[in-house]
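Taking it in order: structure first as structure tokens, then the write-up.
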Amino acid sequence: MSAIRSIGHSVAQEIQSDKTLKRDMPLVPASSIAGRALVIVIAIMTFLACLTAGGAILVASASQGWRAEVSREVTIQIKPSAGQDINAQVAKAVDVAQKASGVAEAHALSKQESEQLLEPWLGNGLDLAELPIPRLIVVRMQNLKAPDIASLRDALAAQAPGANLDDHRLWLARLDTMADAIVIFALLLFLLMISAMTMAIGFATRGAMAGNREIIEVLHFVGAADSYISRQFQIHFLRLGLKGGLLGGALAALFFAGASALSAWWANTVGGEEIGALFGAFSLGPAGYGAILGVAVAVAVLTGAISGIIVFRHLRRLQ
Amino acid sequence: MGIEVVRDLSFSIQAQSFQFLTGPSGAGKTTLLRLMLLSLKPTRGIIKIFGQDASTLDKDAITGLRRRIGVVFQDFRLLDHLTTYENVALPLRVMGRVEASYRAEVVELLRWVGLGERMNALPAVLSGGEKQRAAIARALIARPELLLADEPTGNVDPGLARRLLRLFIELHKSGTAVVIATHDLALMDQYGEARRLVVGEGRLQIFDGEFP
């Protein structure tokens, strides 16, 4: 053993500077067919998870836009009644509305505007004077967080008793329900995909354990602790998870960037307007892209953590 | 319960001792080595290792004990994706030591066993003898208190076998207890003063000193 013990400084220095020595190989083989397949599975799952998360973000932010838009606008309706001058009632209601606090603008729909509104149902050449059609006054509230609709309602009740105020609460509630349903559905899909991915990672880890049984045995015999071995597998799967997660996340980011560009291009077409109404400008914004990156990194961390737990439990069961 | 490979054996391996474990093929030499390495549990009986009853040890304690034991497997058990250098350095690496702290030591040992030019080679391109020497170097690198070697000279020429035996003897003189399982009589005769444990038909005979 003296030969082993007596290490000369010159030899040591020569070796220290030896750059050709290969010494960085991970203990769990980095490349395998199963590993590549897992990267692809994780990439696809991450891509789909990012799509659902991005879709939910788009719908949630678009619905906030609708809500703000709709809640800033209220309508005063005046029904014609016998013996009442409807034009005078309309003028009075407009006057009351304009003077009410929190109101930015109020105007009665003109005869042409009313005809245009009813045209899809009643056709062209309509003479409103012959029909007992209610007159509408559009009131735009100031851009406040909570428009003061109650005081407008009170003022109308006191000064224009025939006027009926519609704050679109029912319509808003329906919009809210629809948007919330879409977001919840997207979240459920997201959770399902994460669950499926977790199971795929579990299977892949158990497969890797079986495939590397010899390595685990040798590591045990040379004195490796279970925690050390599970850490090696954890690092291995963290790498695979990062590769797959970043690949899937990058594809999802490209998809949203492409969709945003396409929606800008389609913006003036009829179909584009419909899509724009549902999803807004189809633009995720920095927070959305941040969320995609977050999902990709979370997938990698999840991959490492799940495999670490599975490997550690498996090793504990081994004799 | 399966067939008892070995039974009713009582022996002890003293610290800093040297012994050959011999006997015909299939007699249970490898089983005995595996029992000593704690990779097998006896169906009955007691194994005490480094003063501790093996049946009472938990996994962490077994890991701690294995770090005090060097082992050379008959089939080498080198990791195919690691170079010779990385394979030999493995016991030090799993202890959590920084690579730079053991590099010189590993390279020196590799040169000593004649693998200085094969440090970056993968096991797939090593000859049987080279694999054998790499496996021995891996067992020695952490300077174990007990060395268990299963047919360590089975794949090398007589000259190298003598050289490896000298290495084991030197290791023994530096304070390591050595158990070499072999049925190479010529090898055993080169170190006649070694104790011989002869296993056959499930039983063990012990001969101290010169073999009759």
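Coordinate-derived values only; no laboratory data. What you are looking at is a predicted structure, and each value in this text was computed from that prediction instead of being measured. Note that we place each Cβ from the backbone using ideal geometry, even for glycine, and neighbour counts take in every protein chain shown.
For chain A, the relative contact order works out to 30 percent when only alpha carbon pairs closer than 8 Å and six or more residues apart are counted. When Rg and the Kirkwood Rh are both derived from Cα coordinates, the Rg/Rh ratio for chain A amounts to 1.30.
Principal-axis analysis of the Cα atoms of chain B puts helix B:128-140 at an angle of about 80° to the longest axis.
For chain A, the longest principal axis of the alpha carbon atoms and the long axis of helix A:33-71 meet at an angle near 20°.
Which residues make up the longest stretch of chain B that has no GluC sites (Glu not before Pro) in a DSSP loop with at most 15 other Cβ atoms within 10 Å? In short, B:5-116.
Translational diffusion coefficient of chain B (Stokes-Einstein, Kirkwood radius from Cα pairs, 37 °C, 0.692 mPa s): 185 µm²/s.
Among the lysines, select those whose C-alpha is under 19 Å from the C-alpha of A:LYS111, and discard any that sit fewer than 8 residues away in the same chain. A:LYS111 reaches A:LYS79, A:LYS92.
Any idea what angle helix A:285-317 forms with the longest principal axis of chain A, computed on alpha-carbon atoms, 0 to 90 degrees, nearest 10? The angle comes out at about 40 degrees.
In chain A, the calculated helix contribution to ellipticity at 222 nm averages -24000 deg cm²/dmol per residue, counting -39,500 (n - 2.57) for every DSSP H run with n ≥ 4.
For the stretch A:80-161, averaging the sequence separation of C-alpha pairs within contact (under 8 Å, six or more residues apart) and dividing by the residue count gives a relative contact order of 45 percent. Seen from all directions on average, the stretch A:80-161 presents a Cα convex hull projection of 6.3 nm². When the P(r) of the stretch A:93-141 is calculated, the portion above 15 Å amounts to 50% of the C-alpha pairs.
Cα-based values for the stretch B:139-190, radius of gyration first and Dmax second, are 10.6, 29 Å.
Computed from the Cα positions only, the extents of the stretch B:9-115 along the three principal axes stand at 44, 33, 29 Å, in decreasing order. Compared with the alpha-carbon gap, the fully stretched path from A:ALA150 to A:LYS22 is longer by 38.3 nm at 0.36 nm per residue. Around the amide H of A:GLU73, modelled in the peptide plane, lie the amide H atoms of A:MET141, all under 5 Å away and 5 or more residues distant in sequence or on another chain. Just the number, please: percent antiparallel of the DSSP beta bridges in chain B, rounded to the nearest 5. Approximately 30 percent, going by the DSSP bridge assignments.
For chain B, the mean residue ellipticity at 222 nm estimated from helices alone is -10500 deg cm²/dmol, where every DSSP H run of n ≥ 4 contributes -39500 (n - 2.57) and the total is divided by all residues, rounded to the nearest 500. Using the Cβ atoms and a cut-off under 12 Å, what net charge is assigned to the surroundings of A:MET209, where Lys and Arg are +1 and Asp and Glu are -1? So the environment of A:MET209 carries a net charge of +2.
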